[in-house]
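Below is one structure, written out as structure tokens, with a few remarks after it.
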Amino acid sequence: MKARLIQIRLEAEGVHAYRFEPLPGETLPPFEAGAHVNVTLGDGITRSYSLLNDPADPSFYEIAVHLSPTSRGGSRYIHEHWHVGLVVDMTDPSNNFPLDETAAHSVMIAGGIGITPLLSMIDRLDAIGRPWELHYVAQSPERAAFVRHLSGRDNVHVQFDGIEGGQPLDLRGVVEAAPADAHLYCCGPQGMLDAYKGFAAGRPKGHVHLEYFTADTQIATEGGFVVELAKSGKSFEIKEGDRILDVLLDNGVDVPFACSEGTCGTCETRVIEGTPDHRDFFLTDDERASGEMMMVCCSGCKSDKLVLDL
Ligand code: FES
């Protein structure tokens, strides 16, 4: 679908918020807390951004983009080329980070721009009268996006870990202090998420939720191997410059996918034979080491042949 960019707002150092409205005569689809859209950029690449506004009012969408110093082109393109009035192609909202609305208590943990999906969740929890708490760490007050939106609430704890006298977030302490039946949500950089997964390992799996806010995926395009599909018996040569997902889709193989950059887990595929070259952010270290599953949108192969359960 298409939506018109109607406002660009400086939210924090390096962070712009972008507000979209539907084109005349159209409406934007409703969305759930935690949902994202994939926007198409000028050079055809797509990027996922969380919808951060209150899902109760889908008359507009808002996303926020942090200009990453290591940008592969996505955030840099948006910061440099998007302007008010631009019509942007985007997908309907989808949700890889859904909120459990039945939770007795929700603990939100955000690192930097990872605050964005949690904002719509907080609005939703308020709307349905469910208790929550937020632990938000940013480098400095200048870099803490949406902090004004959150200030003045007892259940919001903001910390700065990059200033003199600042303090790192006690992630272990936050996770351990959460009530046993709480649902936990974390969005932030990879190191934070890895630590979070470790600290929360003893909790019921369905209560521990996470989302990577950035994908700096180095998609495997080295090629030089064959992909064989165990169920159909088809096989395809993956040449240099190809990625597995594109080759499968081009040949009519029905593979579910969403983010295309190794963060959502939608394209997770069982490996029957071969050694995957993992490039995703979704699998745990143990899962990667086992070699049993892989993300075909971004990962490649270290052996000559990969047999997939497709
Ligand atoms: S499509 Fe999202 S991880 Fe592959």
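The values are calculated or read from the model by the stated rules, or taken from the named source; none is laboratory data. Nothing here was measured: the structure is a model prediction, and the numbers come from that model. Here the Cβ is made from the backbone with ideal geometry for all residues, glycine too, and neighbour counts use every protein chain on show. Surface accessibility is based on the protein's heavy atoms, side chains included, excluding ligands, DNA and RNA. Shrake-Rupley method; radii C 1.70, N 1.55, O 1.52, S 1.80 Å.
So the values come out like this:
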| item | result |
| --- | --- |
| Residue among Pro256, Pro276 that is within 14 Å of the ligand (Cβ to nearest atom), over 16 Å from the mean Cα position of the chain (by Cα) and touching a residue at least 12 places away in the same chain (Cβ under 8 Å) | Pro276 |
| Verdict on Leu306 being touching a Cys at 6+ places or on another chain (Cβ under 9 Å) and farther than 30 Å from Ala138 by Cβ | no |
| Selection from segment 4-32 of residues that are assigned to a loop (DSSP other than H, G, I, E, B) and over 24 Å from Ala144 (Cβ atoms) | Leu23, Pro24, Gly25, Glu26, Thr27, Leu28, Pro29, Pro30, Phe31, Glu32 |
| Residue under evaluation Gly165, criteria (1) out of contact with any helix residue (DSSP H, G or I) (no Cβ under 8 Å at 6 or more places or on another chain); (2) at pLDDT 95 or above; (3) open to solvent by 70 Å² or more (accessible area, probe 1.4 Å), criterion not met | (2) |
| Selected residue (criterion: nearest to the ligand (Cβ to nearest atom)) from residues of segment 279-302 that are among the hydroxyl-bearing types (Ser, Thr, Tyr) and either surrounded by fewer than 14 Cβ atoms within 10 Å (Cβ to Cβ) or not assigned by TED's automatic domain parsing to the domain that holds Ala258 (or both) | Thr284 |
| Segment 31-60, subset under 19 Å from the mean Cα position of the chain (by Cα) and surrounded by fewer than 16 Cβ atoms within 10 Å (Cβ to Cβ), residue modelled with the lowest pLDDT | Ile45 |
| Filter pass, Asp154 being modelled with pLDDT of 95 or more and over 30 Å from Gly42 (Cβ atoms) | no |
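Here is a yes/no grid of residues against (1) open to solvent by less than 60 Å² (accessible area, probe 1.4 Å); (2) at pLDDT below 95:
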residue: Asp170; (1), (2): no, no
residue: Pro179; (1), (2): yes, no
residue: Ala182; (1), (2): yes, no
residue: His207; (1), (2): yes, no
residue: Tyr212; (1), (2): yes, yes
residue: Ile219; (1), (2): yes, yes
residue: Gly223; (1), (2): yes, yes
